[in-house]
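Asker: Attaching a single structure in structure tokens format; questions to follow.
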Amino acid sequence: MISNDSIEQLKARLDIVDVVGSYIELKKNGANFKAPCPFHDEKSPSFVVSPAKQIYHCFGCGAGGDSIRFVMEYEKLSYPEAIEKLAGQYNFSLQYTDNKHQQKRSQLLDKLNEYYQNLLTHNQNALSYLKERGIYESSIEKFGIGYAPSSAQTLSYIQKNMFTMKEAIEVGVAGHDNGKSFARFIERITFPIFATNGSIVGFGGRTITGHQAKYVNSPQTQLFNKSRLLYAYNFAKDTIHKKQQIIITEGYLDVIMLHQAGFTNAVATLGTALTPEHLPLLRKGDPKVVMAYDGDSAGAAAALKASRLLSASGFSGGVILFGGGMDPADMVKNGKIEELNNLFRKPKPFIEFVIDRIIAGYDIKDPKAKEGALDEAIGYLKTLSPLLQEEYKFYLASALGVNPSFVKVSSHNLVYSNKKDIQIPRKDMWELSLIKTVLEHPELIDQILDAIDPSILQFHQREFQLAISGKTDIPELMAIAVDEGIISHKNDEELKAELINFLIKYYNQEYKKIQLRSDIAFEQKAFLIRSIRGKITKLQRGELVAYEN
């Protein structure tokens with residue numbers, strides 16, 4: 001079993017926004033983050049993640065919990081499996097009470113990378129290639145570039161260092177086929193791929209001996225998912241947040257050369273097009289996104305796909321396509337730093353780029369083809385917000401040379417719901433504020449219970465009772481905890497004033513009820529009236545009174 005101390009140490013490292021944001025795209029919403037709930041089908045986001053409280057809650061289906069609960073529900077894992085998955089992602093070594101299990105996967109990747117780096121220093125062909133491409137020794141060290149030898153040498157190293165073939169296959173550095181094991185990286189320059197926290201999760205490899213595939217990456221593993229990772233993001237993230245800009249290229253060498261030239265906000269996709277799974281990572285820090293792709297047909301197609309995705313997802317930024325067989329690495333090598341600077345400052349905006357590329361695919365001298373271009377472009381505009389649709393319909397009309405009245409976009413796809421049919425449960429904000437105070441300041445519970453009893457609350461007795469019982473993982477309480485519209489009372493004096501106001505109203509109502517009662521004797525009624533009047537008097541003097549049934 002995993003030790004409790006180990007679990008608590010891992011929890012202390014976890015950040016709910018990072019964990020949930022690695023699975024779904026989160027958007028900043030005040031102090032919290034919101035998204036459509038991944039656990040039920042919905043159009044309006046009701047899923048809230050609170051970084052302050054390190055919990056999530058869906059106001060639609062009631063799902064909620066901490067980072068571990070989210071991974072359990074999303075990945076359909078048991079509690080120990082979710083713990084081990086998160087430990088692997090955060091490069092955290094778990095301790096087990098039976099001492100039979102050890103987290104060796106990240107150790108294997110670290111050791112193998114050291115081995116590859118050492119081999120590079122003795123391989124003149126690989127060093128010559130890197131030098132020819134303009135890569136400095138300092139960059140070789142910074143990015144951990146190495147060299148993978150033959151399959152037999154790699155397998156021998158793994159076994160000599162007391163790692164099993166099963167562990168090597170699990171982390172993607174080895175494979176097994178037809179009864180034989182093999183190394184996945186053979187006679188290649190290696191580029192370690194890091195998670196955002198700086199731990200190695202896989203490798204990329206570039207052949208220098210004529211293998212059919214120029215580049216290969218680690219296969220999908222529990223640690224490595226190329227659709228959620230960006231090469232060198234761990235090196236670039238600080239600059240990305242400072243400059244509010246991220247440059248996305250197509251290759252490792254482009255990134256390394258751009259970093260050499262001072263563009264330390266550059267990253268690269270890992271042999272795949274930009275996908276929706278990349279968006280949570282791109283959303284961090286809310287940077288403008290610059291797609292810096294080759295100008296060939298493949299690069300242009302990838303840029304078009306990415307631009308559609310990013311613009312529909314609300315990202316700002318644009319596209320640069322490099323022509324003349326050049327790429328960012330070539331421009332750095334040729335000393336065209338200022339030219340690059342100008343390009344990165346003024347990329348072609350995503351929406352304009354998409355519209356232009358759509359139109360370029362048609363012969364608009366032909367009226368029928370022009371109509372096709374118009375229909376396709378309108379279809380694209382409808383993926384954008386109503387405001388952007390209205391703004392860019394004039395750009396589209398101008399590019400096609402047609403009257404803007406032909407560009408019919410947002411009016412028919414604005415959807416309004418019939419609020420009359422929705423039954424919203426009654427909420428009392430004062431009671432909810434009191435409950436949130438209990439959740440955030442449990443040291444004030446005694447003061448509250450001296451003055452009131454759960455039975456005198458009209459709308460949220462159950463939630464209040466759960467809160468004072470410490471059952472904070474109940475969905476209703478998590479909903480209250482993450483609701484920014486509910487304000488807790490921050491100190492004794494503020495709470496006292498609120499309790500006094502509430503109790504004055506409460507005892508005034510009780511006074512009226514007693515006056516109207518005919519089922520009790522006169523003496524008892526007189527006693528109750530005097531008692532309630534006395535409480536009201538003390539409250540009006542600013543004194544809290546003890547609750548008596």
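Asker: How large is the helix-only mean residue ellipticity at 222 nm for the chain, computed as the sum of -39500 (n - 2.57) over DSSP H runs with n ≥ 4, divided by its residue count, in deg cm²/dmol to the nearest 500?
Answerer: Values: 24 runs with 259 residues, N = 549.
After summing the helix terms and dividing by residue count, I get -14000 deg cm²/dmol.
Asker: Using a simple charge model, +1 on the beta-carbon of Lys and Arg, -1 on the beta-carbon of Asp and Glu, nothing else, what dipole does the range 361-413 show about its Cα centre, in debye to the nearest 20? All intermediate terms of the calculation are to be shown ahead of the outcome.
Answerer: On the way: 6 positive and 7 negative charges, 16 e Å.
Charge dipole, the range 361-413, about its Cα centre: 80 debye, nearest 20.
Asker: Between Val402 and Glu338, take the C-beta separation as r, use R0 = 51 Å, and let me know the FRET efficiency to the nearest 0.05. Write down the numbers at each step before the final one.
Answerer: Details: r = 39 Å, r/R0 = 0.77.
Given R0 = 51 Å and the Cβ-Cβ separation, E is 0.80.
Asker: Considering the convex hull of the alpha carbon atoms of the range 104-151, report its projected area averaged over all viewing directions, in nm², one decimal.
Answerer: The directionally averaged projection comes out at 3.7 nm².
Asker: Can I ask one more? Treating only the Cα positions of the range 159-225 as identical point scatterers, give the base-10 log of I(q)/I(0) from the Debye formula at each q in 0.15, 0.24, 0.27, 0.28 Å⁻¹.
Answerer: Here log10 of I(q) over I(0) equals -0.52, -1.14, -1.25, -1.27.
Asker: About its Cα centre, how strong a charge dipole does the range 63-168 have in debye, to the nearest 20, once Lys and Arg get +1 and Asp and Glu get -1 at the Cβ?
Answerer: 220
Asker: On to the next question. Report the equivalent ellipsoid semi-axes for the range 233-354 in whole Å, largest first, defined as the square roots of five times the eigenvalues of the gyration tensor built from alpha carbon atoms.
Answerer: Equivalent-ellipsoid dimensions as semi-axes: 20, 17, 13 Å.
Asker: At 18 angstrom or more along the helix axis (alpha-carbon based) and mean Kyte-Doolittle of 0.0 or higher, what helices does the chain contain? Whole DSSP H runs only.
Answerer: Going by DSSP H runs, the hits are 297-312, 386-400.
Asker: Setting aside same-chain residues fewer than 8 positions from Lys333, which aspartates and glutamates have a Cα under 13 Å from its Cα?
Answerer: Answer for Lys333, where 13 Å is the Cα cut-off: Glu132, Asp254, listed by chain and number.
Asker: Using a simple charge model, +1 on the beta-carbon of Lys and Arg, -1 on the beta-carbon of Asp and Glu, nothing else, what dipole does the chain show about its Cα centre, in debye to the nearest 20?
Answerer: 580
Asker: Can you pull a Stokes-Einstein diffusion coefficient for the range 474-549 at 10 °C (1.306 mPa s), Rh from Kirkwood over Cα pairs, as a whole number of µm²/s?
Answerer: On the way: Rh = 14.7 Å.
It diffuses with D of about 108 µm²/s by this estimate.
Asker: Another question about this same structure. Place +1 on the Cβ of every Lys and Arg and -1 on the Cβ of every Asp and Glu in the range 429-540, take the dipole about the Cα centre, and give the residue among Met478, Gln515, Ile532 whose Cα lies farthest towards its positive end.
Answerer: Of the options given, the answer is Gln515.
Asker: Just list whichever of Lys43/Lys348; Lys43/Lys305; Lys284/Lys382; Lys11/Lys243; Lys53/Lys348; Lys11/Lys284 have alpha carbons separated by over 29 Å in the model shown. Don't skip to the answer; put the middle values down first.
Answerer: Values: Lys43/Lys348 31 Å; Lys43/Lys305 23 Å; Lys284/Lys382 26 Å; Lys11/Lys243 31 Å; Lys53/Lys348 40 Å; Lys11/Lys284 21 Å.
Pairs exceeding the cut-off: Lys43/Lys348; Lys11/Lys243; Lys53/Lys348.
Asker: Here's something else I'd like to know. Counting other Cβ atoms within 10 Å, which trypsin sites (Lys or Arg not before Pro) in the range 473-549 have at most 15 and lie in a DSSP loop? Walk me through the numbers on the way to the answer.
Answerer: On the way: sites: Lys490, Lys496, Lys505, Lys512, Lys513, Arg517, Lys525, Arg530, Arg533, Lys535, Lys538, Arg541; in loops: Lys490, Arg517, Arg541.
Passing both the DSSP loop test and the Cβ count: Lys490, Arg517, Arg541.
Asker: Over the range 429-540, what per residue volume does the convex hull of the Cα atoms give, in whole Å³?
Answerer: 111
Asker: Can you tell me how much longer the chain between Asp15 and Glu543 gets when fully stretched, taken as 0.36 nm per residue apart minus their C-alpha distance, in nm with one decimal?
Answerer: 185.8 nm
Asker: Here is a follow-up. Based on the mean of other Cβ atoms within 10 Å per residue, sort peptides 307-320, 340-353 so the most packed one is first.
Answerer: 307-320, 340-353
Asker: If one computes P(r) from the Cα atoms of the range 4-89, what percent of pairs lie at distances over 16 Å?
Answerer: Value for the range 4-89 (Cα pairs over 16 Å): 49 percent.
Asker: Tell me, what is the percent relative contact order of the chain, built from C-alpha pairs under 8 Å that lie six or more residues apart?
Answerer: 10 percent.
Asker: Taking a quarter of the surface of the convex hull around the Cα atoms of the range 105-217, what do you get in nm²?
Answerer: Directional mean of the projected Cα hull area for the range 105-217 stands at 7.2 nm².
Asker: What are the trypsin sites (Lys or Arg not before Pro) within the range 1-70 that DSSP puts in a loop, where the Cβ has at most 12 other Cβ atoms within 10 Å?
Answerer: Lys43
Asker: Report, in whole Å, the centroid distance computed from the Cα atoms of the range 283-316 and the range 474-549.
Answerer: Using only Cα atoms to place each centre, the spacing works out to 59 Å.
Asker: Right, another one. Antiparallel versus total DSSP beta bridges in the chain: what percent is that, nearest 5? Write out the running numbers ahead of the final one.
Answerer: Values: 33 of 46 bridges.
Counting only bridges with both partners in the chain, antiparallel ones make up about 70 percent.
Asker: In terms of Cα to Cα distance under 27 Å, which lysines are near enough to Lys525, apart from those fewer than 8 places away along the same chain?
Answerer: Output for Lys525: Lys505, Lys512, Lys513, Lys535, Lys538.
Asker: Provide Rg and Dmax in Å for the chain, with only Cα atoms included in the calculation.
Answerer: Every Cα atom of the chain included, Rg and Dmax give 31.1, 107 Å.
Asker: Tally the DSSP beta bridges in the range 233-354 and give the antiparallel ones as a percent, rounded to 5.
Answerer: So the antiparallel bridges amount to about 15 percent of the total.
Throughout, read-outs are computed from the coordinates displayed, never taken from laboratory work. Keep in mind that this is a model prediction, so the values were computed, not measured. Neighbour counts run over all protein chains shown; Cβ positions are idealised from the backbone, glycine included.
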